[in-house]
Amino acid sequence: MKRIIFTLSLILSLILTSCGGSAAPASKSGGAKGRPAWMDNPASVYPESQYISALGAGDTRQAAETNASANLTKRFKVQIDVDDMMLRRYESFTKLSGTMTESLSESQQRQIQSRSSETLIDVQFSEIYTDNLGRVNVLAFLDRKKSGDLYSKRIQDNLQSIDVYLANEARSFDIPEKYAYTNAALAISQVNEQMLEQLDIISPAHKSRLLVDESRRMAALSEKQQKIAKQIGFSVAIAGDDDQKITIQVQQAISKLGFQLSPQAILKVNGSVDYEALDLRRDNLIFYGWQLDLKLTDLSGKTLISIVERGREGGLDETVAKRNAVRQMSKIISKRFQKDLTDYFDRMLIKR
C-alpha cells in the first residue's frame, strides 16, 4: 500500500494538548524604538540548544504568525500533505484503543481547518514588533525539551494502540474486520514513523532513548494489510454504462485500495448511469444532464455505501458533452467513493 505522507502540521497538532504552552523567554529589546533583539539575532533570546525558531512577517499579526510557522516548517526539511480526514482517522483510532490520553482542543481543530498545510499547530509565538514600514514581525518557536517529552509520550502511546489493534485482529475470524484492525494499526504506525523523524530534529537525545524501529514494523504491517485486502473480493455492475468507462473507474478505485475483483465477491458495487439531452438554447453547444447512482452491498443485501450525484455538462457535440460528464463522474468516484469505502471499514471499529 502506498505510504501515506503526513504534514508536520498533523504531527505537531496531535502531540500537543493546548494552544498555549510554556511561557516564552523574557523579551529583550535593543536598537531604535525598542526593536527586540530576536529581530536581528533570534538565538540571543531563544537559544538553539533549547528552541527551534523562525521569523515571520506580514501585514497583520495572523499573517505574520502564518508566515513564521511556514518558515519554521522548512527547518524540518519535510514536504508533506495531509487532509482533515487523516487527522480524524488517527485521533479516532487512538481514542478507540484506549491509549490516547489527550485530544485536540476545538481551537486546534479550527486552526487545522482554516490554515494551509504549511502551518504548524500549537507553535508558540513571541511578542509582535511593528517596524517603521508598518510590517508586523513575530518569532515562532518550539521548546525542544517540552516537545521532546510530548513526542516521546505520544509515540509510546501509539505503540500500545498498535498492539491493541493487532491483538483484536488476531482474535477475529471475519476477513473485512481483520482488514479494518490492520488498517488502523498501519495508519498509527505511519504517524509514528513521521513523529520519530521529527523527534530526531527536535531532540535526538529523546529519540535515542526510545529504541523503536518503526520502519520495519510499518513495512510488516503494510504487507499484512495487503495480504488481507486480497482476500476481500468485489464485483462491479453498472447499468447504462455501455462503453464501460464508469465501470472501469470504479474497478480502479477498488484496486487502488488493494482489493480484488472476484466472481466470489463478498462486497458488491451496483449502480447506474443515465444521460439526458438538454435544450438550454446555447449557441453551438450541446448539453447533457447526467446522474450517477452507486451502492455497495454485502452478501445479505445490506447497503453499506450509497452515492447519488447529478449534474450537467456541455460540449460542441454529443461526444464531447458526454466525455465531460464522464470526467466529472470519474472525479466523484476517485474521491468520494474511495473515501466512503475507507470510512466503511473504519466504522467497523467505531461501532464495536
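General observations
- Enumeration of residues in the stretch 134-162 that are under 12 Å from Q198 (Cβ atoms) and not in a helix (DSSP H, G or I): L142
- Figure legend. Inter-residue proximity from the stretch 215-242: first residues within 29 Å of G271 (Cβ to Cβ), second residues among the small types (G, A, S) and assigned to a strand (DSSP E or B), beta-carbon distance below 6 Å, spacing 6+ or different chains. Indicated pairs: I238/G271; A239/S272; G240/S272.
- Contact annotation: residue pairs with Cβ atoms under 6 Å, 6 or more positions apart or on different chains, pairing a residue in the stretch 52-80 that is buried (at least 16 other Cβ atoms within 10 Å of the Cβ) with a partner that is modelled with pLDDT of 85 or more and among the β-branched types (V, I, T), are G56/V138; G58/V136; A64/V136; A64/V138; E65/V138; A68/V138; F76/I201.
- Residue list for the stretch 284-330, restricted to those being of a type in the set (D, E) and under 18 Å from D340 (Cα atoms): D293, D298, E309
- Selection status of S306, assigned by TED's automatic domain parsing to the domain that holds K331, among the small types (G, A, S) and either surrounded by 16 or more Cβ atoms within 10 Å (Cβ to Cβ) or in contact (Cβ under 8 Å) with a residue 12 or more places away in the chain (or both): yes
- Residues being under 27 Å from G233 (Cα atoms), buried (at least 18 other Cβ atoms within 10 Å of the Cβ) and among the hydroxyl-bearing types (S, T, Y) - total across the stretch 148-197: 5
- So D317, is it out of contact with any Cys (no Cβ under 7 Å at 6 or more places or on another chain), surrounded by fewer than 16 Cβ atoms within 10 Å (Cβ to Cβ), free of Cβ contacts under 8 Å to residues at least 40 places away in the same chain and within 28 Å of L186 (Cα to Cα): no
- Hits in the stretch 266-283 - residues which are farther than 21 Å from K245 by Cα and modelled with pLDDT of 95 or more: I266
- Listed here are the helices (runs of 4 or more DSSP H) enclosed by the stretch 53-127 that have at least 3 residues being modelled with pLDDT of 60 or more: 61-74, 84-97.
- Considering the stretch 284-324, and only residues there that are in a strand (DSSP E or B) and of a type in the set (V, I, T), the residue that is modelled with the lowest pLDDT turns out to be I286.
- Of the set (1) over 20 Å from E177 (Cβ atoms); (2) surrounded by fewer than 17 Cβ atoms within 10 Å (Cβ to Cβ), all apply to F287 but (2).
Every residue, every condition in (1) in contact with a Gly (Cβ under 6 Å, 6 or more places away or on another chain); (2) within 21 Å of Q50 (Cβ to Cβ), yes or no:
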residue	(1), (2)
Q124	yes, yes
Y151	no, yes
V164	no, no
I175	no, no
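The values are calculated or read from the model by the stated rules, or taken from the named source; none is laboratory data. Remember, it's a predicted structure, so these values are computed and weren't measured experimentally. Cβ coordinates were reconstructed from backbone atoms using ideal geometry, including for glycine residues, and neighbour counts include every protein chain displayed.
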